[in-house]
Amino acid sequence: MTDPDHDIEQALASLRPRAPSPALTARLAAELDAPASRRGVIIAWSAGLSAAAAALVAAFVFLGGVGEPEAPAYQLVRVEQSRPDVQFFRPVQMDDGSFARPVRVRWQDTTRWEDARSNTRLINYRPNDQFTLLPLETN
Amino acid sequence: MQDAHSGQDWRAWFAEHGARLRLIARQWTRSEADADDVLQEAFVRFWKHQRHLPGNPNALVVTSIRRSALDLLRRGDRRAAREKVVGDDMETVTWFEPEADPRLAALADSLKLLSDEQREVVVLKVWGDLTFEEIGEQLSISPNTAASRWRYAMEALRKLITARTHD
């Protein structure tokens, strides 16, 4: 005599759930195939640059406050950072046997100050070129 | 499912297990779109942070799916109107590939007609490959309660199939 519950369980197990759509797989690929360290590098550098820009502005304002009265009083009006251009190169083997991927990131920083009284502008344009090695995890 | 512990590529792992994981996500959500959102969030979390943890990876990924589904449910009030519209998916989109055998087709349709409590036990046992003890941990119920819901579900499915195949 067969167990009717077992029969239904076997019948259930033979049903084939619908496969996930290609769109879902593509969404997973966007999250799991994206090199996280690349994003991390850019975010870290952006944060560092923002801090540097803030320090520069603070120093400028402070120093400007003790200058001659007639000297231009520049006010910061814009800080721009271009979209980084990221290049990935072939992985290389390090001296300790581990692997790393060389990455080159280039971008430009543009900072602009204006003095409303004299209607003058001060623009600082700085190209940046950083080269780094991202450790690769091997299993 | 032990492969999840190794360095296997996520695509190969997902190709093997994705369909049943999506079914688990689907039975805890109100629409196809929600099931995709839940599975995406849960699988990314599992693959990035949990697959190397000790224990049964099967239970880990199911826990991750349930957590995402509950999070979505809590946010549900804010989009109740949308849910009402897409909630009709429950009736129109099949959860399984088409079956030529009328008894299997009736079984696939009948699964949706179970109560939520019975259906989740069935799905977790058959497609989640969990024991009653693991199901109890997932749902915060005792293993006996899980087993009891399973028995009631089998009885209900038997009646539903009989009714449908005699229609």
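The values are calculated or read from the model by the stated rules, or taken from the named source; none is laboratory data. A quick note: this is a predicted structure, and the numbers were derived from the prediction, not measured. Heads up, the Cβs are rebuilt from the backbone with ideal geometry, glycines too, and the neighbour counts pull from every protein chain shown. Ligands, DNA and RNA are excluded from the accessible area calculation, which covers all protein heavy atoms including side chains. Shrake-Rupley method; radii C 1.70, N 1.55, O 1.52, S 1.80 Å.
Below is a table of values for the structure above.
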| read-out | value |
| --- | --- |
| Pick from region B:117-147, criterion touching a residue at least 60 places away in the same chain (Cβ under 8 Å) and of a type in the set (D, E, K, R), ranking: least open to solvent (accessible area, probe 1.4 Å) | B:Arg119 |
| Residue among A:Ala71, A:Ala34, A:Ala51, A:Ala59 that alone is within 14 Å of another protein chain (Cβ to nearest Cβ), surrounded by fewer than 12 Cβ atoms within 10 Å (Cβ to Cβ) and at pLDDT 60 or above | A:Ala34 |
| Residue under evaluation B:Ala100, criteria (1) in contact with a helix residue (DSSP H, G or I) (Cβ under 6 Å, 6 or more places away or on another chain); (2) modelled with pLDDT under 95, criterion not met | (1) |
| Any pair with Cβ under 9 angstrom, 6 or more apart, that starts in region A:94-109 at a residue that is not assigned by TED's automatic domain parsing to the domain that holds A:Ser82 and ends at one that is part of a strand (DSSP E or B) and open to solvent by 30 Å² or more (accessible area, probe 1.4 Å) | none |
| Single unsatisfied condition, B:Trp28 versus (1) modelled with pLDDT under 90; (2) within 12 Å of the chain's Cα centre (by Cα); (3) aromatic (Phe, Trp, Tyr) | (1) |
| Residues that are hydrophobic (A, V, I, L, M, F, W, C), within 29 Å of A:Val92 (Cβ to Cβ) and touching a helix residue (DSSP H, G or I) at 6+ places or on another chain (Cβ under 8 Å), drawn from region A:108-135 | A:Leu134 |
| Selection within region B:99-129 - charged (D, E, K, R) and outside any helix (DSSP H, G or I) | B:Glu99, B:Asp101, B:Lys112, B:Asp129 |
